[in-house]
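Okay, so here's the structure we're looking at.
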Amino acid sequence: MANQSAKRVTQQNAQRMSLLSKLFIGINAFYIFIRLVFQYRSLSWTGSIMYLVTAGVETLLYMNLYSVSRPRYDPGGVLVSSGTDLSQPGLVSYMFDYIYISWFVHVLSLLTKWAWALYLVIPVYVGVLAAPYVKQFLGSRSSNEPAPSAEDEAKEKKRREKKERKQQRAKYVRA
């Protein structure tokens, strides 16, 4: 039963990439078909450029996910690495999120040109995630933490003075 978890990860990655491939081709083919056949008159340069740019980024992320999820085998056919687990949180999940948002925007943009504005959700989400780190880096106090009162400052000052007096006392060492 050695490498059982690696084999399981390899199998799950293959299933997930198979589903992702089918959806990737299906949704993009659906968008192009509807745009060119039924909505040709509403096709504009800006809409075409936005689709090409977002589909290009989507394709790069898909290719990256495909390459990191592939298992590695040695020349003897023994599994060396199962590839990156596609169900793990972090950058991999953010790649999937972008792909899913792209699909939603592409399908919704068939109904309204304002659907492209949904891409603004991505920088807003990054801002929400980064805000605590930026606050910590800039040294700002959280809004939940109350400002120190005059009594607290007086107690802190007394404590510091007592500590300084204790440090200034002569220390005797046994010889």
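The values are calculated or read from the model by the stated rules, or taken from the named source; none is laboratory data. Note that the structure is a prediction, hence the values are computed from the model and not measured. Here Cβ is always computed from backbone atoms with ideal geometry, including for glycine, and neighbour counts include all displayed protein chains. Quick note on the areas: whole protein, heavy atoms, side chains included, nothing else; ligands and nucleic acids left out. Shrake-Rupley method; radii C 1.70, N 1.55, O 1.52, S 1.80 Å.
Going by what's in this entry, would residue 72 be described as touching a strand residue (DSSP E or B) at 6+ places or on another chain (Cβ under 6 Å) and either of a type in the set (Ser, Thr, Tyr) or open to solvent by 40 Å² or more (accessible area, probe 1.4 Å) (or both)? Give the derivation first.
Working: touching a strand residue (DSSP E or B) at 6+ places or on another chain (Cβ under 6 Å): yes; either of a type in the set (Ser, Thr, Tyr) or open to solvent by 40 Å² or more (accessible area, probe 1.4 Å) (or both): yes.
Here the answer is yes, as residue 72 does meet what is asked.
Looking at residue 29, is it open to solvent by less than 30 Å² (accessible area, probe 1.4 Å) and either polar (S, T, N, Q) or assigned to a helix (DSSP H, G or I) (or both)? Spell out the reasoning first.
Numbers: open to solvent by less than 30 Å² (accessible area, probe 1.4 Å): no; either polar (S, T, N, Q) or assigned to a helix (DSSP H, G or I) (or both): yes.
Answer is no for this residue.
Tell me whether the stretch 64-81 contains one or more residues that are part of a helix (DSSP H, G or I) and closer than 20 Å to residue 120 by Cβ. Steps first, answer last, please.
Taking the stretch 64-81 as the starting set, the residues that turn out to be part of a helix (DSSP H, G or I) are 64-69.
Adding the requirement that they be closer than 20 Å to residue 120 by Cβ leaves none.
The answer is no, given that none of the residues of the stretch 64-81 is part of a helix (DSSP H, G or I) and closer than 20 Å to residue 120 by Cβ.
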